[in-house]
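**Q** Just passing along the structure, written as structure tokens.
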Amino acid sequence: MNNKLFKILFQFIGFILLQVIVFDNIHLFGYVNPYIYIAWVLLYPLKSERGLFLFLSFLLGLCIDFFSNSGGINAASLLFIAYIRFPLLTSLLRKADLDFLLFHVSNMPFIKLLSYISILVLSHHIVLFSLEYFSFSNIGIILKHTFLSGIFTIVLLVISIQLFSPRK
Amino acid sequence: MQQIIYFLRKYRYFLLFTILELIALLFTIQSHSFHKSKFVNSATSITGGVYTQMSNINDFFTLKQENRLLSEENNRLKNKLSQYLQEDSKSMVIDSFYVQSKYNYTAAKIIKNDFRKINNFITINKGSSSGLKSDMGVVNTKGIIGIVKNLSDEYATVLSILNSYSKLNVKLKNSNYFGTLTWDGNDYNTVQLIDIPRQANLSVGDTIITGGRSAIFPEGIRVGVIQDFQFEGTKFNEINIRLFNDMSALGYVQIIENIERKQQQLLEEQTTNE
């Protein structure tokens, strides 16, 4: 149990530093940035206390906000996908899969993994950019940024989950 | 009572989610109001520390450029000085005891510079322990950069002119028409000038400088040149200003303290209250 908690906290700090030091400075085509710290929510163990998970997601988003001077936009969007993650997984997978104790996201079939990642990433991005621009008149820019940054993030996440996940 | 407890138990995750989401929204709304100082900012010692380490590494790669900027600045100041010396020898000697500068300058280094978002902030490595306060002007050798917002002991955040909430008083250099400098969030090398009266005579290439009305910046700090403009009926629609500064490559900055600021503000307040 302790080992598991340590791993989660290590990932928590690791993703903050990775996002702030590396991925906030990519600026593909001038403004497209991947938000890979989302991976922390994607990979969080399924069999765990849901309240703690929600609170930690909020905290992770807030830490990113502290670094990027952005108020609470990352906290709000990350908390949102942390909340919809469980309903999404139950609708994507059969119950037997979810009950399996050693279930890991990377064991999902590729199509389901892709839709799991895409839905979460796109909903995160649309909340994030809506809060950042904070006006309906910018809906075109919000959608453009959501789409472009979203594709970049999805590609990076799919590749890295395939590469770095434990194989049996 | 039983019902309430049952209800709370059933929806406890939803309630937690709602509460945390409301807190996040509160921070977001706070960050969108220009006048409130924010709780979530990168002037804290942890975020500042990480950015200092990052900029220490980055410094190594920009040494050459930084050197060139300094020598250019040196050159410009030396030219100015020789002008003054020539004038001085002709005119009276000024008793320096009575001539006190109205502005104090503090040097600082930018450790984090945003310019791709809609609301950009800059983090610098000096804070309230170096005498910085909120609402001081920030400039560098080429021109204007922003206004100090949040402070900790060692670090401060600067509201960049590339922020949709930044509104600065500027004027045309060749005539005394005042306007307001804003940013539309598109290109980080062009900002927009609004509120210029229609009778002002504009032409492409005119220089824009700070107006000196705001008690933050001294008058005459360079901002940029007019790139293009359009009419709409009886007023100027949008005047695009090309900045002298390359906002994507900022290194060292100066923070301006207006010593007479309190006095000026007090006087202005008294006048409006009467």
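**Q** Which of rounded, prolate or oblate describes the stretch B:122-274 when judged by the alpha-carbon gyration tensor and an a/c cut-off of 1.5?
**A** Verdict is oblate for the stretch B:122-274.
**Q** Ok, one more. Quick one: check the C-alpha center-to-center distance for the stretch A:72-93 versus the stretch B:16-32, whole angstrom.
**A** 16
**Q** Tell me whether chain B comes out rounded, prolate or oblate; compute the Cα gyration tensor, take square roots of the eigenvalues as a ≥ b ≥ c, and use a/c under 1.5 as the rounded threshold.
**A** prolate
**Q** For the Cα atoms of chain A, what angle does the longest principal axis make with the long axis of helix A:110-133, in degrees from 0 to 90, nearest 10?
**A** 30
**Q** Quick one: grab the alpha carbon gyration tensor of the stretch B:168-243, order the square roots of its eigenvalues as a ≥ b ≥ c, and give me rounded if a/c is under 1.5, else prolate or oblate depending on whether a/b is larger than b/c.
**A** In terms of gyration-tensor shape, oblate.
**Q** Now for a separate question. Measure nothing fancy, just the Cα-based angle from helix B:261-273's long axis to the longest principal axis of chain B, in degrees from 0 to 90, nearest 10.
**A** 70
**Q** Count, for each residue of B:111-123, the Cβ atoms from other chains sitting within 10 Å of its Cβ, then give me the mean as a whole number.
**A** Neighbouring Cβ atoms belonging to other protein chains average 4 per residue here.
**Q** Then there's this: Measuring from centroid to centroid over Cα atoms, what is the spacing of the stretch B:177-212 and the stretch A:131-168 in Å?
**A** 36
**Q** Shifting gears a bit: Could you report the stretch B:168-243's accessible area per residue, 1.4 Å probe, as an integer in Å²?
**A** Here the residues of the stretch B:168-243 average 48 Å² of exposed surface.
**Q** Moving on to the next point. Average partner chain C-beta neighbours within 10 Å, per residue of B:13-21?
**A** Counting other chains' Cβ atoms within 10 Å and averaging over B:13-21 gives 6.
**Q** To continue, here is another question. Starting from the 7 Å offset along Cα-to-Cβ, what nm value, one decimal, do you get for the label separation of residue A:136 and residue B:116?
**A** Reported label-point gap for residue A:136 and residue B:116 is 3.1 nm.
**Q** A further question on this structure: In whole percent, how big is the carbon plus sulfur part of the accessible area of chain B, probe 1.4 Å, protein atoms only?
**A** 55
**Q** What ranking do B:107-114, A:104-111 get when scored by the average of other Cβ atoms within 10 Å per residue, highest first?
**A** Averaged packing, sorted descending, gives the order B:107-114, A:104-111.
**Q** Over the heavy atoms of residue B:129, what accessible area does a 1.4 Å probe trace out, to the nearest 10 Å²?
**A** It works out to around 80 Å².
**Q** What ranking, highest mean first, results for peptides B:134-142, B:193-201, A:19-27 when packing means the other Cβ atoms within 10 Å averaged over each residue?
**A** In descending order of packing, they fall as B:134-142, A:19-27, B:193-201.
**Q** Follow-up. Which net charge results for the neighbourhood of residue B:153, defined as the other residues with beta-carbon distances under 14 angstrom from its beta-carbon, given Lys and Arg at +1 and Asp and Glu at -1?
**A** +1
**Q** Now, a different point. Name the residue, out of A:91, A:123, A:57, whose mean-square fluctuation peaks in a Gaussian network model built on chain A with Cα pairs under 10 Å.
**A** Answer for the Gaussian network model of chain A: A:91.
**Q** Plugging the Kirkwood radius over Cα pairs into Stokes-Einstein for the protein assembly as shown, at a temperature of 25 °C and a viscosity of 0.890 mPa s, what D comes out in µm²/s?
**A** Translational D for this selection: 99 µm²/s.
**Q** So, one more: What net charge is computed for the residues neighbouring residue B:58, neighbours being all others with C-beta under 12 Å from the C-beta of residue B:58, Lys and Arg scored +1, Asp and Glu -1?
**A** Surrounding charge for residue B:58 is 0.
**Q** Let me ask something else about it. Debye sum, Cα scatterers, the stretch A:2-164, no solvent: what log₁₀ I/I(0) at q = 0.17, 0.19 1/Å?
**A** Values, matching the q order: -1.06, -1.33.
**Q** Still on this structure: Ordered by packing density, taken as the mean number of other Cβ atoms within 10 Å over each peptide's residues, highest first, how do A:141-150, A:44-53, B:66-75, B:119-128 rank?
**A** B:119-128, A:141-150, A:44-53, B:66-75
**Q** If we count every other residue with Cβ under 13 angstrom of residue B:130's Cβ, Lys/Arg +1 and Asp/Glu -1, where does the sum land?
**A** Around residue B:130, the surrounding residues sum to 0.
The values are calculated or read from the model by the stated rules, or taken from the named source; none is laboratory data. Note that this is a predicted model, so its numbers are computed, not measured. Positions of Cβ are backbone-derived with ideal geometry, glycine not excepted, and every protein chain shown enters the neighbour counts. For the accessible areas, the whole protein counts, side chains as well, though only heavy atoms, and no ligand, DNA or RNA atoms are used. Shrake-Rupley method; radii C 1.70, N 1.55, O 1.52, S 1.80 Å.
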